[in-house]
Amino acid sequence: MFAEDALELRREQSAERNTLSVNFGGMCLRNPTILASGFLGISMDLFRRLYKLNAGAIVSKSISCSPIEGYRNPTIVSLDYSSYLNAVGLANPGADAFSEEIRENDNLPIMVSLVGSSEKEFPILVKKFDRLNIIGYEINLSCPHVAKMGIEVGDDPELVYRIVKATRLHTTKPIFVKVGVGNTDVLSVASVAKDAGADGITAINTLRAMAIDIDTGIPVLANKIGGLSGKPIKPLAIRCVYEITKKVGIPVMACGGIFDWEDAVEAMLAGASAVQLGSVLATEGLSSFHAICTGIQAYLKRKNAKNVMEIIGLAHKY
């Protein structure tokens, strides 16, 4: 009896893999849920835990050539409507330390997020990571609260082109570019990134925002300006995913306000090949990966779809 139960469990797990597996931008993942950069991504122990909890892949925190201490506290504040405002300041241990951290990666699907201020820095970063067991890179060109390494870079199409091109020349691994909503049209940035050799786009980063304590009159964040994440930015993220996939024609990972399986399905109908989870992990916990996958699978069964890739971009028909 136990042998039969075990066989049935293996069949169910195999069916789930076949139903939820996605292949896009040079990457093949067991399911379309991915840890977003910036929340939890600097520890192999945590990466292993997330993978056991059914994450399809993991994007690290943004890593720079040298360590960045980041801003002083407070750096994160919880707002209403399942949203957060943060200004961590791209704090990270630097490329040397992080490359050592993931050197013994035992086949976890890790993408390394790279951040820098010029095209000269990215080949240096790639040389630190390219021989390690990673599946690709996400270039962060859109942090809304760090001068010279964030949205200012993403707002300069010529610099975007040079950075992506320089990175492309030093790796054959997939490259995704994380775009934000700044002064330059997101479609222009995505198009430039594609022309320079990017395999895909992550849309979108947090939005430049602010909160002030009305009793003291003091800005809540130490940096004053931060990035807004969570449910309020989902409609904007959906719009960007829809337009980038329809008009630029490049794979997109949706990021921004994905809190449940309905959000994930909506993003995929808009054209997303995968969805990144961030704020929901602080609100609902690490079980969100499994819960969203279970919901997507039930939706596919109801729609008589054999694989989740069948629903990608269906909204483009209308």
Quick check: anything in segment 251-264 part of a loop (DSSP other than H, G, I, E, B), within 30 Å of Arg72 (Cβ to Cβ) and over 22 Å from the mean Cα position of the chain (by Cα)?
-> no
Filter segment 198-221 for residues that are farther than 23 Å from Thr283 by Cβ and surrounded by 15 or more Cβ atoms within 10 Å (Cβ to Cβ); the one that is farthest from the chain's Cα centre (by Cα) is Pro219
| Condition check for Val160: under 19 Å from Lys247 (Cβ atoms), under 17 Å from the mean Cα position of the chain (by Cα) and at pLDDT below 95 | no
Residue check, Met309 under 16 Å from Gly56 (Cα atoms), among the aliphatic types (A, V, I, L, M) and assigned to a helix (DSSP H, G or I): yes
Selection over segment 62-104 where residues are acidic (Asp, Glu) and over 26 Å from Lys224 (Cα atoms) yields a count of 4
Tyr299 passes all but one of the listed conditions (1) in a helix (DSSP H, G or I); (2) within 30 Å of Leu187 (Cα to Cα); (3) of a type outside the set (D, E, K, R); the exception is number (2)
Within segment 285-318, of all residues that are of a type in the set (D, E, K, R) and under 13 Å from Asn18 (Cβ atoms), the one surrounded by the most Cβ atoms within 10 Å (Cβ to Cβ) is Glu310
Those residues of segment 45-64 that are under 16 Å from the mean Cα position of the chain (by Cα) and surrounded by fewer than 19 Cβ atoms within 10 Å (Cβ to Cβ) come to a total of 0
So the helices (runs of 4 or more DSSP H) completely within segment 65-164 holding 2 or more residues that are of a type outside the set (A, V, I, L, M, F, W, C) and either touching a His at 6+ places or on another chain (Cβ under 6 Å) or surrounded by fewer than 18 Cβ atoms within 10 Å (Cβ to Cβ) (or both) are 95-101, 121-129
Checked Asn205, Asn223 against criteria (touching a strand residue (DSSP E or B) at 6+ places or on another chain (Cβ under 9 Å) and not hydrophobic (A, V, I, L, M, F, W, C)); the one match is Asn205
For Lys173, the lone unmet condition from (1) modelled with pLDDT of 95 or more; (2) over 25 Å from Gly271 (Cβ atoms); (3) basic (Lys, Arg); (4) part of a loop (DSSP other than H, G, I, E, B) is (2)
(message) Any residue that is among the acidic types (Asp, Glu) and within 25 Å of Ile139 (Cβ to Cβ) - is there at least one of those in segment 238-245?
(response) yes
Contact list, first residue from segment 55-72 and without any contact (Cβ under 8 Å) to a residue 60 or more places away in the chain, second anywhere and hydroxyl-bearing (Ser, Thr, Tyr) and in a loop (DSSP other than H, G, I, E, B), beta-carbon distance below 7 Å, six or more apart or interchain, is Ser60/Ser37; Lys61/Ser37
Scanning segment 222-250 for residues that are more than 25 Å from Tyr71 (Cα to Cα) and among the small types (Gly, Ala, Ser), the one surrounded by the fewest Cβ atoms within 10 Å (Cβ to Cβ) turns out to be Gly249
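The values are calculated or read from the model by the stated rules, or taken from the named source; none is laboratory data. This one's a predicted model, so the numbers in the text were calculated from it and none came from an experiment. Counting neighbours? That spans all protein chains shown, and the Cβs are built from the backbone with ideal geometry, glycine included.
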